[in-house]
1. Starting from segment C:63-89, keep only residues that are under 29 Å from residue C:292 (Cβ atoms), then list their pairs with residues that are in a loop (DSSP other than H, G, I, E, B) and basic (Lys, Arg) whose Cβ atoms are within a distance under 7 Å, requiring at least 6 positions of separation or different chains.
2. Does segment B:32-44 contain any residue that is closer than 17 Å to residue B:219 by Cα and at pLDDT below 90?
3. Within segment A:51-101, how many residues are over 30 Å from residue A:180 (Cα atoms) and at pLDDT 90 or above?
4. Out of the residues in segment C:218-240 that are under 30 Å from residue C:133 (Cβ atoms) and among the basic types (Lys, Arg), which is nearest to the other protein chains (Cβ to nearest Cβ)?
5. With a cut-off of at least 2 residues that are more than 19 Å from residue A:327 (Cβ to Cβ), name the helices (runs of 4 or more DSSP H) lying wholly within segment C:205-292.
6. Against the conditions (1) touching a helix residue (DSSP H, G or I) at 6+ places or on another chain (Cβ under 6 Å); (2) among the basic types (Lys, Arg); (3) at pLDDT 90 or above, where does residue C:44 fall short? Just the number, please.
7. Could you check segment B:217-261 and list, in sequence order, the residues that are of a type in the set (Asp, Glu) and within 17 Å of the chain's Cα centre (by Cα)?
8. Please enumerate the residues belonging to segment C:157-207 that are in contact with a Phe, Trp or Tyr (Cβ under 7 Å, 6 or more places away or on another chain), without any contact (Cβ under 8 Å) to a residue 40 or more places away in the chain and closer than 24 Å to residue C:44 by Cα.
Amino acid sequence: MTKETDQLQRRKARFVRGLANSAETMLAGLEENPELPEGMHYFIDIMRDIFVKDQEEHFSNPFCRQDANNRKIIGTYCLMVPEELIYAAGAIPVRLCGGSYEASSIGDEFVPRDTCPVVKASIGFTSLNLISLYQKCDVVIIPTTCDAKRKMGEELSKFTEVWMLEVPHVKESEGSRRQWLEQLYALKKNIEKLTGGRFVCGKIRRRELDSAIKMVGRAQYEARRLYEIRKSFPPVIPGREAMLAINAYSYDTAFEWAKAMTGLNDELEDRRDKGRVVAGSHAPRILLAGSPSIFPNWKIPSLLEEMGAVIVVDESCMGSRYLYDPVGITEKSMTDMMVGIAARYLMPCVCPSFAPNEDRLFRLLQMIEEFNVDGIIYHVLKGCIVYDFELIRVEKIMKEKNIPVLRIETDYSPEDIEQLRTRIEAFVEMLETKKKKIKEG
Amino acid sequence: MECYAGIDAGSTYVKVAVVDNCALLGYQVAPAGIDSRKTARVVFNELLGNLDLSISDVLAITSTGYGRRRIDIAGETVTEIKAHAAGGIRTAPDERKIGTIIDIGGQDSKVIVINEEGETKNFVMNDKCAAGTGRFLEVLARVLNVTVEELGPLSLRAESPCQINSLCAVFAESEVISLLARGKELKNIIAGIHKSLAKRLSGMARRAGLKSDVLLTGGGALNPGLVAAIEDELMMDIYVAKTPQLNGAIGAALLGRNSNK
Amino acid sequence: MTVTKLRWTILIVSFFVLLMGGWIGINLGGFLPTYACPYVGGSRGGVCFLFRLQYLLGNGSPEAFIGLGKHILYFSLLVIIIGKAWCGWICPLGFFQDVLDLIRRKLHMGYIRFPERLRANLGCIKWIFFFIALLIPLWVAHPIFAPAVARDFSQPYCQLCPGKHILPLLLGDTNDVTVNFKSVTTIVMSMLGLIFSVSLIVGAFLKRRFWCSYCPMGLLLSWYRKISFIKLKKDCQKCTMCEACYNVCPLEIEQVFKERENEDVTFPDCTLCLRCVEYCPEDGALRATFLGKTIYRSTSKGFFARQRIIPLVPDD
């Protein structure tokens, strides 16, 4: 081994240790909760396997026609990549959006300083292979959402094979929707080429695609059940646990995940019926809006809930939005399924990289009503311009609804935790006072 | 005798205030030192001694400020925001109806918009760094070789304040040094520093949704030059709390009294 | 029973009643807002309003005008009660198109969708048909020019209507499926009619409810949508704009998912088939109302059940 590679190895080992440590701290913190539902262990274990133990046993695909050695893993970013197509081709989709501080500090070397930490972390993970997952991906698909993600595609292509997926930014027009459908047809062909080569075994067939839609749909059904459960008053599950369970979907097969989620949901429904709650009715109910909190960056969710608030709902692409919108098909023709898939991954998505994006405001208003929200924490990851842009609109409509909004701008680094703690605590205090006052009349 | 104590364990000073049901009985301020817990205890006992009170007279001790969690003698803790909001409506001069509190602390500054009952409606705090805080003044005072106390009177004599563009304490420092090198007068430089700080604070105040009347609290309020600069920036009268440094401690004591009732 | 099944049942029943009801003595009158085609002969259970409209306008006598007024009144009442549900739930020609669509679906063939611009351009066809049905009979009644040509123009729209050719054919009557060589006018008209019929059969096989976008009867019915008792309503805040309603809509109405302000989303083309309500994944985002009372609303559970992801609940 040459001196350089040896040095690199040692450097990598340090990062890996750091990552494992911070991930394990978070997970152990969750496990300390004596009220932790049994069903949560499955999701915590997935995260532990990926980030601490660095092994993936969870990958399986019921439609896989290739032998185990030949199976393909396709990495995806954002939530516009249709998993159904990947599953139907017998490959395994893994969502790679990074949330590690350690990885983001590696990524600092590759991208401009003001890039958002998600992109930094994703590049960090890929460049140094902190966890083997990133290495195992045969190809990564990157939708062109925000500027940072788009340019990330270019940077990542130094390390791995990258397919760009062009997402139109004005989704209402007929032309962009048609173009998006064309993109998906092209993607389908590419996936088929990857999984099947010259043989027919990788072809995405009608029947498999239908089953894949149903399989993912099943997971979405369970995710929606969790969503419903989180509406209960007082809350029966802390937001960070619910968010972790959803986040775990990134690294699990839809089928297995849905099974585990069914268990968790049954347990939670049972708890709800028995009145086993995790916080009193005085605890402020928070909507965590804005940039995604991606494991192991559990900074904001932990701080918030340590301060006595409960995140009853979040709207990020790693949380509630991830699995909310299902594919709707009415017939088993390839056309209809592709149209349904194209619609699901484009139209209801309220990622702020779209403009106009008025739908997001409607969605937030709906959440405020459905979840009895007392206040909004608006999380802005440094460099996430698009979310920051929409803050003005969000603040405006929330002022009309008399819902306080606190903007928190931060990255993955732990250094500002104390400052954030004061700010969040004061916000929670403010909500508590307001709530008490309403209660007293 | 029934009384209530508030301890504001700030980054630079520990402030202790004791109130009874109607008035401020006494207070004590001491530099925080390394061990704010010990400092707080010492200061608290000293104050009780001065006021001729025993510990059993104090019905509630409430702590606030950065070190609030470390104050073991305190029963309850509240955030600075809440404490300042509660204190602000009492420490305002001439019984003014306060709508906004601007607090210039050692480590952070904040703008709090409150309602008539002294409850927080909205607040903005400075970001991570020292821009817009008392520390900014401290750093620059050191460069100029004057004490923080001297800054105010000096700046009031300025004829044409210099332009200081940097908000960052470190960059502002080098800017000040180059101004000195260019032979600018000390008073003008100081006035410029105040102006820069005031700009930053008024920006925060506008973001929070400024409501009159404005009350200035925290150590920074003791600086008349800064007060004048903020008045100029906001283009409105601002009022300095009676004991600006103690606002947080008084607020904490009052909150302790309210929750004890 | 799902709404789709209920709709199919009603469509089948009304198909038989309207086309064969005459055999058991049913006569629903001459003002039906649907294709109850008189050309099927004695077995018909009622007569299409358009036929009577052209007939009475072409007659030109004062009595005919009074009769016409009465017919318009009855027609209006019928339309006000259930609006364009006549198209989605009763029309025999609609049923025929749905059957073709079902065959296509069973063959797992995809459907065709026209681009927006083409659709907008084709939108004028129903107006042309409407004016043919309205103006030519007036000319026939008062042939101020070319009376020889006018003579052969009785029931001009019926000659073009695919219903005239297809519906009798479904009962085994091939008499109408010919070119009428009586005069140049009849040759042209019957040829056009045949062309439209063939294009309906081909079109409906490739595109859902192909003909409904061009039907003048649908145009007439759509004028009543503001006062009709049945309405399609949307809760704009609950809508996620997922486009599901557009993809299931046989008429491909985009405005339903794009609407962001108004509650009433009963758009002119809407046949009230309620498939959009069935396939909407949001609780209560879409609903059908009768006199303001909700009679059917979308549910998340219902959506997943129809996608065969969870078992169908029997009472749904």
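The values are calculated or read from the model by the stated rules, or taken from the named source; none is laboratory data. Keep in mind that this is a model prediction, so the values were computed, not measured. Here the Cβ is made from the backbone with ideal geometry for all residues, glycine too, and neighbour counts use every protein chain on show.
1. What qualifies is C:83/C:225; C:84/C:225.
2. If we filter segment B:32-44 for residues that are closer than 17 Å to residue B:219 by Cα, which is where we start, we get B:32-33.
In the following step, the residues that additionally are at pLDDT below 90 were identified as B:32-33.
Yes, the conditions are met somewhere in segment B:32-44.
3. 4
4. Going residue by residue through segment C:218-240, those that are under 30 Å from residue C:133 (Cβ atoms) are C:218-232.
When the remaining residues are screened for being among the basic types (Lys, Arg), the result is C:225-226, C:231.
Values: C:225: 24, C:226: 25, C:231: 21 Å.
Taking the candidates together, the pick is C:231.
5. Values: elements: C:216-222, C:244-248, C:255-258, C:275-278.
Filter on segment C:205-292 gives C:216-222, C:255-258.
6. For residue C:44, the failing item is (3).
7. Of segment B:217-261, the ones of a type in the set (Asp, Glu) are B:231-233, B:237.
Selection gives B:231 alone.
8. C:160
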